[in-house]
There are 2 protein chains.
Amino acid sequence: MSLPHAILTALLEKPSSGLELTRRFDRSIGYFWSATHQQIYRELGKLEKAGLIRALPTDSPTRGQKKEYEVLASGREELERWVAGQDEPRDPRDPLLLRLRAAGVVGVGDGLLEELRRHRELHAARLAEYREFQRRDAARGHGTERDRVQGLVLQGGIDLELFWVNWLDKAIDGLAVPGTAS
Amino acid sequence: MSLPHAILTALLEKPSSGLELTRRFDRSIGYFWSATHQQIYRELGKLEKAGLIRALPTDSPTRGQKKEYEVLASGREELERWVAGQDEPRDPRDPLLLRLRAAGVVGVGDGLLEELRRHRELHAARLAEYREFQRRDAARGHGTERDRVQGLVLQGGIDLELFWVNWLDKAIDGLAVPGTAS
DNA sequence: CCTCATTGTGCAACTTGTTGCATAATGAGG
DNA sequence: CCTCATTATGCAACAAGTTGCACAATGAGG
């Protein structure tokens, strides 16, 4: 039950159409919870039917016509309720860990080593991107609670990518030269 | 397409029945990729139909009767093929990050702070558990490739929990005393 | 031997996420 | 004005994961 709340959050920050939301997910929110445009449109429909958001009125009908949504009071309340809720930590569910574990059984091939290096670079790139965000944010203020919270979330992203880069370095190192002493 | 391969890996390590697999998922593999018994039984059925595993022959029929599965040659090949494959890193998809981001918009309540502390303790407990595994493994050998690979996977789990504990400490610290200096 | 908790397997229905395609409006270029 | 790429919304079908329940065997205790 996270996607609708992710959408409510995004719409509270700025009312948007489905496609705008999709693009914003590709940039910011989607780094933590990605979604395709299909999921987003479907969820927008549900949220509207549930009376949590509404489409800003336009003249012409719908198809192929931009439709902007804004969050209603009940939507904001629902989000507040959700924020105060709980759930259990999820397993990381990254296939790479599983793949490595499987490689322990059927043998590590060159393909896997290459894949680890590739992921290392992807995570390093993501890390650089986040640090750029952080640099930009530092220029602007940190006054409001909102700024500080978003800074923490971003820090979480950075720390997580740091984990990946560092662990992948260990893993690559540990696998590259199996029986050799340096 | 990860669950079938997780199952193949587990069955290669040790042929098992559905329930045994479920229990093993609750302990080791499931830390990275959890699955309910339903998913496992369904997947075992598919894998058997696909000719990648087979049920070890028994006398009596099936219902409520333990059925052990073992991996066939084609199953092992499939797993080897998969290990050499690729996929893209997934987003972390942890609701807690989303929740915090939403809190940036609708305001951080006491409930959330408590939730962060709770998660911190859960991750710390998991970390302790992993370190216990590591201590036990260190007692046994590290000779084979398999041992070294499993050590790396475990190290990944440890580093990941370390990330959570450290970041949650930062987050709790950053939210607990909003406007106060020290 | 009968009941009942436990072990073990499984179906059905639902939710969430993915993939491929269809369709409508709009504006730029020939 | 006609075509065509782009923007924008959406349906349908599928795959993956979750939840709730049903049912069969087994062995222990009354």
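Tell me, please, whether a residue that is part of a helix (DSSP H, G or I), under 30 Å from A:P89 (Cβ atoms) and at pLDDT 95 or above can be found in the range B:56-79.
Scanning the range B:56-79 turns up at least one residue that is part of a helix (DSSP H, G or I), under 30 Å from A:P89 (Cβ atoms) and at pLDDT 95 or above.
Looking only at the range B:6-20, which residues are open to solvent by 10 Å² or more (accessible area, probe 1.4 Å) and not hydrophobic (A, V, I, L, M, F, W, C)?
B:E13, B:K14, B:P15, B:E20
Would you be able to say whether some residue in the range B:144-154 is more than 7 Å from chain A (Cβ to nearest Cβ) and open to solvent by 70 Å² or more (accessible area, probe 1.4 Å)? Full working, then the answer.
Going residue by residue through the range B:144-154, those that are more than 7 Å from chain A (Cβ to nearest Cβ) are B:144, B:147, B:151, B:154.
Now restrict to residues that are open to solvent by 70 Å² or more (accessible area, probe 1.4 Å): B:144.
Yes, the range B:144-154 contains a residue that is more than 7 Å from chain A (Cβ to nearest Cβ) and open to solvent by 70 Å² or more (accessible area, probe 1.4 Å).
Do we have B:K66 as over 14 Å from the mean Cα position of the chain (by Cα), without any contact (Cβ under 8 Å) to a residue 24 or more places away in the chain and open to solvent by 40 Å² or more (accessible area, probe 1.4 Å) here?
no
Which of the residues that make up the range A:11-48 are among the aliphatic types (A, V, I, L, M) and either touching a strand residue (DSSP E or B) at 6+ places or on another chain (Cβ under 9 Å) or within 8 Å of DNA strand D (Cβ to nearest atom) (or both)? Can you show your working first?
Narrowing the range A:11-48 to residues among the aliphatic types (A, V, I, L, M): A:11-12, A:19, A:21, A:29, A:35, A:40, A:44, A:47.
A:L11, A:L12, A:L19, A:L21, A:L44, A:L47, listed by residue number.
Residues checked against (1) within 7 Å of chain A (Cβ to nearest Cβ); (2) closer than 23 Å to A:H119 by Cα:
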{"position": "B:D87", "(1), (2)": "yes, yes"}
{"position": "B:R90", "(1), (2)": "yes, yes"}
{"position": "B:E115", "(1), (2)": "yes, no"}
{"position": "B:R120", "(1), (2)": "no, no"}
{"position": "B:A128", "(1), (2)": "no, no"}
{"position": "B:A171", "(1), (2)": "yes, no"}
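Identify, by number, the condition in (1) in a loop (DSSP other than H, G, I, E, B); (2) within 16 Å of DNA strand D (Cβ to nearest atom); (3) more than 7 Å from chain A (Cβ to nearest Cβ) that B:G51 doesn't meet.
Only one criterion is unmet by B:G51, namely (2).
List every residue pair whose Cβ atoms lie under 8 Å apart, where the two residues are 6 or more positions apart in sequence or sit on different chains, the first residue falls within the range A:1-24 and is within 12 Å of another protein chain (Cβ to nearest Cβ), and the second residue, located anywhere, is within 11 Å of DNA strand D (Cβ to nearest atom) and small (G, A, S).
Note: pairs meeting the criteria are A:A10/A:S16.
What number of residues within the range B:1-46 are more than 11 Å from DNA strand C (Cβ to nearest atom) and part of a helix (DSSP H, G or I)?
Within the range B:1-46, residues that are more than 11 Å from DNA strand C (Cβ to nearest atom) and part of a helix (DSSP H, G or I) number 18.
The values are calculated or read from the model by the stated rules, or taken from the named source; none is laboratory data. This one's a predicted model, so the numbers in the text were calculated from it and none came from an experiment. Glycine also receives a Cβ, built like all others from the backbone with ideal geometry; neighbour counts cover every protein chain displayed. Remember, those area values only see protein heavy atoms, side chains included, never the ligands or the DNA or RNA. Shrake-Rupley method; radii C 1.70, N 1.55, O 1.52, S 1.80 Å.
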